[in-house]
Amino acid sequence: MARPGRSAADVFTSREVAIAGDLTARNFALLADQNLAPGPSNDGLGKAGHRTYDSAGLAHAALIGALHLAGFELLVSARLAAAFACDYGASYGRLPSNLNAFVRGEMNPNKGLPWGEIPKDLTIDFEQDYWLHHLLRNRSEVYRRGIAIRGDCIIEIADHAFVLTTTLGLEKIKIFSPVSREGLPANPDYRIVGRGASAQIVPIHQEVDSLDFKIDPKSAGKMRRLEQEYISGRMDAVTLVRVNLSLAIRNAFDRVQDDRESKAAA
């Protein structure tokens with residue numbers, strides 16, 4: 001089945017992407033100059049040559065803004081957000097907004113879709129989280145803004161060095177490890193090396209020679225040591241920064257809709 005055509009509703013300007021991330025225009029321009037802003041969906045082919053973005057760009061900006069709000073330098077925030085956006089995009093197609101939690105389970109007490117039938121007046125592409133948010137916020141009674149919910153993706157950063165992820169409400173469930181039978185309390189993802197403009201984000205898998213642990217026991221042993229280093233770093237951290245990525249994305253969509261409604265009412 002062919003994907004539906006793009007709607008003006010799910011096309012966003014650079015101004016709206018900055019609003020999504022709660023970033024100033026100056027900071028967004030700095031990120032663009034450094035090639036660290038979210039990637040546009042049209043590569044500068046929009047109206048009057050302006051770049052436009054899709055909902056993945058909003059989610060990416062939301063993570064940059066959340067990390068910056070947590071106290072990380074802007075460029076470090078952007079590099080870490082880019083790593084997450086790239087890896088989640090490759091694996092799942094998008095960063096995790098957890099908006100589906102409002103469709104299933106305890107957040108949706110009624111059977112079926114919370115908005116009823118798919119509205120015929122909308123050209124909807126469910127690969128864009130914008131549309132799920134739009135239907136939940138505008139055509140259902142189940143959406144609740146600004147709250148953390150079970151299933152949200154939580155990023156934890158220990159001592160500005162170890163970056164791990166957990167799932168809200170599922171902390172007692174061990175995370176699979178390819179080299180440890182016991183599983184892990186959090187998923188080790190990245191190491192932040194350095195500060196400021198020179199900071200680098202190093203994925204844990206790049207610290208081993210091979211990911212084929214069955215035929216490379218040396219790499220398997222190194223991965224076990226790395227996992228323990230991350231978990232110990234988290235447990236013994238002097239500072240542990242916690243960022244609710246999913247909530248940050250939902251808040252970003254709300255900020256953009258608030259802005260559009262304000263402009264429409266003016």
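The values are calculated or read from the model by the stated rules, or taken from the named source; none is laboratory data. These figures come from a predicted structure and were not determined experimentally. Neighbour counts are summed over all protein chains in view; Cβ atoms, including those assigned to glycine, are modelled from backbone coordinates with ideal geometry. To get the accessible areas, we keep the full protein, side chains included, count just its heavy atoms, and leave off ligands, DNA and RNA. Shrake-Rupley method; radii C 1.70, N 1.55, O 1.52, S 1.80 Å.
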Under unit Cβ charges (Lys, Arg +1; Asp, Glu -1), what dipole magnitude, rounded to 20 debye, does region 98-236 have relative to its Cα centre?
280
Using only DSSP helix segments of four residues or longer, with each worth -39500 (n - 2.57), what per-residue ellipticity at 222 nm results for the chain after dividing by its residue count and rounding to 500?
-12500 deg cm²/dmol
Given Cβ point charges of +1 (Lys, Arg) and -1 (Asp, Glu) and nothing else, what value in debye, to the nearest 20, does the dipole of region 116-170 about its Cα centre take?
280
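Return the inverse of the average 1/r over all pairs of distinct C-alpha atoms in region 90-142, which is the Kirkwood hydrodynamic radius, in Å to one decimal.
11.9
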In the full protein assembly as shown, how much of CYS153 is accessible to a 1.4 Å probe, in Å² to the nearest 10?
10
Would you rank LEU211, LEU164 by solvent-accessible area, highest first, keeping every protein chain in place and using a 1.4 Å probe?
LEU211, LEU164
What size of dipole, in debye to the nearest 20, comes out for the chain about its Cα centre when the only charges are +1 on Lys and Arg C-beta atoms and -1 on Asp and Glu C-beta atoms?
240
0 to 90° range, to nearest 10: angle between helix 129-139 axis and the chain longest Cα axis:
50
With viscosity set to 1.306 mPa s and temperature to 10 °C, compute the Stokes-Einstein D of region 181-259, Rh being the Kirkwood radius across alpha carbon pairs; µm²/s, no decimals.
103
Relative to the longest principal axis of the chain, what angle (0 to 90°, nearest 10) does the C-alpha long axis of helix 217-235 take?
70
For the chain, the longest principal axis of the Cα atoms and the Cα long axis of helix 245-265 enclose an angle in degrees, to the nearest 10, of 20
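Provide the packing ranking of 238-250, 54-66, i.e. peptides ordered by the mean count of other C-beta atoms within 10 Å per residue, highest first. Walk me through the numbers before you get to the answer.
Values: 238-250: 19.6, 54-66: 27.2.
The densest-packed peptide leads the list: 54-66, 238-250.
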Cα-derived Rg to Rh of region 15-153, Kirkwood definition
1.00
In range of the label at ARG145: residues from region 232-261 whose backbone nitrogen is under 14 Å from the point 7 Å along Cα→Cβ:
248-261
Putting +1 on Lys and Arg Cβ atoms and -1 on Asp and Glu Cβ atoms, find which of GLN128, ILE149, SER180 reaches farthest to the positive end of the dipole of region 127-190.
ILE149
With a Förster distance of 30 angstrom and the Cβ-Cβ distance between SER198 and ARG15, calculated FRET efficiency to the nearest 0.05 equals 0.50
Relative contact order, percent, the chain [alpha-carbon distance under 8 Å, six or more residues apart]
21
Equivalent ellipsoid semi-axes, the chain, via Cα gyration tensor eigenvalues times 5, rooted, Å:
33, 23, 17
